[in-house]
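Engineer: Pasting in a structure now, in structure tokens, and then I'll have a few things to ask.
Just so you know, all these numbers are worked out from the coordinates, no wet-lab data involved. Here the structure is a predicted model, which is why all the values come from computation and not from measurement. Glycine gets a Cβ as well: all are built from the backbone with ideal geometry, and neighbour counts include every protein chain shown.
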Amino acid sequence: MDDDKLLAILESSQEGEERGLGPEERDPAETLGRLSDDALIEYMTNLSQGARKDFTREEYFRDKEIKQRERDEATRAGLGRANAPIFAGCTIYINGYTKPGRLQLHEMIVSYGGKFQHYLLAKKKVTHIVATNLPLKKRLEFRNYRVVRPEWITESIEQQKLLPWQDYALSWDQEQRSLQLKVASAPVSSAVDCKDPNFLKTFFENSRLHHLSNWKADLRSRFLSEGFNKPSPGDALSIFHIDFDCFFATVAALGCESCDINRDPIVVCHGSKSSDIASCNYVARKYGIRNGMWVSRAKSLLPPGVELVSLPYNFKEIEEKSKIFYTVLKEYKIKFDLILPISIDEAVCVVIDHHTPHPIDRDEICRELRSEIWKRTGGCTVSIGCSNTLVLARLNLKIAKPNGYHILTQQQLVENEADWHSYLGKFQIDDLPGIGYSIVSKLRSLRQHLNNLLQLKQYFHNSLPLLQKCVGKKTGSKILMYLHGKDDEESSRMIFEPESFFARKSLSIEINWGIRFDTVQEIDNFIDTCADYLVQKLQEMNKRTSQITLKVLRRCADAPIEPPKYLGCGECDALSHNCRLGIPTSELGVIATELKSTFRLLGCPPKDLRGVSIQFNKLIEVSYDQNENQQRLKLPFQKTLNFDVFDNLPSDVKNDFSKELKRRNIVLTSSPRPKTSYAATYEEKFMEELPTQIRNEVKNDLRINRKITRTKLSELREQNRKKKESIRNVRAHLLGHESLFEPIKFQKESRFKDICRIVMEWFDATLIEGPHEKDLLLFENYLDKLSDSNRVPLILRFSKLISVRLNLKSNQYGQEAGFQEWEQFLLKNVIPKLNKNKHTFQTVRKLDIDFDI
DNA sequence: ATCTCATGTTAG
DNA sequence: GCGGCCTAACATGAGAT
Ligand SMILES: Nc1ccn([C@H]2C[C@H](O)[C@@H](COP(=O)(O)OP(=O)(O)OP(=O)(O)O)O2)c(=O)n1
């Protein structure tokens, strides 16, 4: 018992060990910090009972290991005859509580020739995991393992042979079942199967755009953590926009002996047909090949006899070159006031001109930077556009490319109108930053032949309203600013408010390639994996989210099942839905559930799903204060620990524990433990009354209530007022005061549970003849009231009740008129109400409704 | 008037 | 039978408050 529990507790603090540190090597305080309150208390209790007072923690663990081995030996030796080595070659780990318990299982495994693993440290060594039930996080973690029920052990022993583990697999879903098949038969897993648990990993490893986004996020956060000088509006600035020439292509070509970047048309891509070209060199561009084009298209652009050179990605090397690039910028003799990261291969450097006697030599800066980067990167060229506004620096960069630099200020350019016009004549409209295909076609819808910036300027000749009507308010004024060589307010933020400009405002994941599912369960799994990925990031940056959205791509009704692009998404409708969380969270369980239910709301047939994206729209910093709050709020009632337990702890660890207890606000009590307070009992009782679905919501509300009494934020107070009202409504509803169920109060009952019972009895009694029309109206009336008052979860409960009931009775009554009437009622009158109100009383929490019935 | 949501757009 | 791999931020316009 003692061992069982302690080991279970240790598991929950295992994360540190998986990073390669044994329990002894870690900072004890840190380990303790990881444990939940309950685990900490149990841990202390066990330590207190099991330890002699002069034991240190390290000795305690070592002692445990030794004793363990001794015991294993003894177990084996103690058996008069040797048992059959049933589990020879198996290394088994036991997760969580099992029946029979860990100790017994351990003994069985060892005495029948198996090895027992305490920790999942050496994950590779473990051949089987025994468990009866796994939380989401563990399921994701263990999904490449053979996870079995304890019966595999006991029954193997009974039958005196190793039974096939597949028959005892703890299969929680389709995915796990397919894994069983795979492990059992050929272990070849195709990397492009989105049902494969490793899909996401390989997908990301190969996705250039994923790398690009990640690099950018890293650069931004690094920028914020380093120092910079913020210019003030009105300062004279020198802005250098620096960008590698065809970056990926250059890096790839440098690593290719037989390639000549100045003669061969080179592209970087994965495949040979419908693969995107990440980057192409300037030889390829001469033939009209562009970044983002498909390889097949590029090939068709080449004249006969010219061969396209396709090179693979080398992300590692790309990172290295970029690191050198940024180092050169940082170490340059003239210290830049700002080095703004645009992307892995592109930066905007700013010098504030202080009217010193020695004005900076922009020409020299460009030349020196270019040659220094060329040298240090072993042959990568960068181009530089320099001016005193961001747009002009960018346009100058365009002129400078490839392998050059261009310097012109706004004053120089605009001074002479003819010069300015000839400058504008050199650019296409989508050369302007933030102006792309869509806006250009809007402009062209007004006047077809707008080919360069000069024509654009002349057509609109300063008519702001017309422009704004065409492309929108902000875009219109932005374009007009640009046509005078000036930056608009939004892009200026990059220079004048870099802190807010570069701060992360959202976090998201998006997979629009390789998505081919058959069932909702598979999609649920995939959503779990994605949510896990995001939550991990969220926790790493010590944030929570209060709003999440799910976006899916659904194959257009008339689009072919398989699009031209291999495993691409093809022509799709984008559907998205967002939901707000009562309180900000970073818990995988809450978030994954929310998302899975949102997927159902979007109503996309599983087979038509072509893309998935999850966004955390609002990120909230976890302040130390909030951290404490959540710790406490998670546990509505004060945690206590018996003082004797504390007193019996090994003396040298007492201090650690004491600090930890204080931090968590766990109090020591002299025995006996006090019972819960009256208020707690009252709340608990109220909770008991609630359907489980909304119980959590109300718990959240109560948390908010309590938080409110401490924080004075008016915004929260307003939220609280609304919440309170909801609670009051729910309570009134559940307890029968002002019950919304009046229309059928002839039934006398008004509590939700009882209403459910009545509905079920009514259902059962009318399966053959069908329900009375008036009764149905009454019931629907009630559902409408629920819907109007934003209590969709309750309607969901009813739908579920009825749907489960229908399934149950379908064999026996499927042909009866009553059965079919109920089925119609559910489909036509109940389920549609679920989507009626977008603002549900929190979010719909039910996942297992089969909308297709 | 100001907010929220779903949807679009852009860049690398 | 080979093919092939995003994500953050802002803008817009409709509808709610
Ligand atoms: N559609 C795109 C655009 C860019 N990239 C990658 C490859 C590029 O090498 C890198 C930098 O993008 P740039 O827009 O700077 O393009 P290049 O550096 O390739 O060419 P250049 O800047 O000379 O026009 O980002 C990509 O994968 N897919």
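Engineer: For a quick check: with amide H placed at 1.01 Å from N, whose amide H comes under 5 Å from A:VAL130's, ignoring anything fewer than 5 positions away on the same chain?
Structural biologist: The answer is A:TYR93, A:ILE94, A:ASN95, A:VAL148.
Engineer: Could I ask something else about it? Students often check this: by mean Cβ neighbours within 10 Å, which of A:271-277, A:335-341 ranks highest, and how do the rest follow?
Structural biologist: With the highest mean Cβ count within 10 Å placed first, the list reads A:335-341, A:271-277.
Engineer: Pop a pseudo-label 7 angstrom from the Cα along the beta-carbon direction at both A:LYS335 and A:ARG447 and give the gap in nm to one decimal.
Structural biologist: Taking the two extended label points, one gets 5.0 nm.
Engineer: Shifting gears a bit: Working from the pairwise distances between different alpha carbons, so that the mean of 1/r is found and then inverted, what is the range A:447-585's Kirkwood radius in Å?
Structural biologist: With all distinct Cα pairs of the range A:447-585 included, I get 19.7 Å.
Engineer: Right, something else. Between A:LYS138 and A:ILE399, what is 0.36 nm times their sequence separation minus the Cα-Cα distance? Round to one decimal in nm.
Structural biologist: Gain on extension, A:LYS138 to A:ILE399, equals 88.5 nm.
Engineer: Now, a different point. Would you kindly state how much longer the chain becomes between A:GLU621 and A:SER477 on full extension, computed as 0.36 nm times their sequence separation minus their alpha carbon distance, in nm to one decimal? Don't skip to the end; give the middle numbers.
Structural biologist: Details: separation 144, 0.36 × 144 = 51.84 nm, distance 3.45 nm.
Between A:GLU621 and A:SER477, full extension yields an extra 48.4 nm.
Engineer: Ranked highest first by average number of other Cβ atoms within 10 Å, how do A:234-244, A:566-576 line up?
Structural biologist: Taking the mean over residues of other Cβ atoms within 10 Å, the ranking is A:234-244, A:566-576.
Engineer: Provide the FRET efficiency to the nearest 0.05 for the A:ARG757-A:SER225 pair, computing r from the beta carbons and using R0 = 41 Å.
Structural biologist: 0.10
Engineer: With θ set to phi - 60°, apply the Karplus curve 6.51 cos²θ - 1.76 cosθ + 1.60 along the range A:368-375 and write out the HN-Hα couplings as whole Hz, x wherever there is a Gly or Pro.
Structural biologist: Calculated HN-Hα couplings, in order: 5, 4, 4, 6, 5, 5, 4, 5 Hz.
Engineer: Within a Cβ distance under 15 Å of A:LEU432, other residues only, what is the Lys/Arg minus Asp/Glu net charge?
Structural biologist: Details: positive: A:ARG394, A:LYS398, A:LYS426, A:LYS442, A:ARG444, A:LYS457, A:LYS474, A:LYS478, A:LYS486; negative: A:ASP430, A:ASP431, A:ASP487, A:ASP488, A:GLU490.
Taking every other residue near A:LEU432 into account, the sum is +4.
Engineer: For the range A:447-462, in order, what is each residue's ³J(HN,Hα) by Karplus, 6.51 cos²θ - 1.76 cosθ + 1.60 with θ = phi - 60°, in whole Hz (x at glycine and Pro)?
Structural biologist: Taking θ as phi minus 60°, the curve returns 8, 5, 9, 9, 9, 9, 5, 5, 4, 4, 5, 5, 5, 8, 2, 6 Hz for the range A:447-462.
Engineer: So if R0 is 35 Å, what FRET efficiency would A:ASN262 and A:VAL192 give, r being the distance between their Cβ atoms, rounded to the nearest 0.05?
Structural biologist: Plugging the Cβ-Cβ distance into 1/(1 + (r/R0)^6) gives 0.45.
Engineer: Okay, moving on. Could you compute the net charge surrounding A:LYS286? Neighbours are other residues with a C-beta less than 12 Å from the C-beta of A:LYS286; K and R count +1, D and E count -1.
Structural biologist: In short, +2.
Engineer: Length gain on complete extension for the stretch A:HIS484 to A:GLN411, per 0.36 nm per residue less the alpha carbon to alpha carbon distance?
Structural biologist: Here the answer is 25.3 nm.
Engineer: Of the listed pairs A:LYS125/A:LYS216; A:LYS375/A:LYS543; A:LYS299/A:LYS398; A:LYS321/A:LYS607; A:LYS273/A:LYS398, which have alpha-carbon separations greater than 31 Å here?
Structural biologist: A:LYS125/A:LYS216; A:LYS375/A:LYS543; A:LYS321/A:LYS607
Engineer: Still on this structure, please answer the following. Please compute the modelled spin-label separation between A:GLU205 and A:GLN521, points set 7 Å along Cα→Cβ, answer in nm with one decimal.
Structural biologist: It is 2.8 nm.
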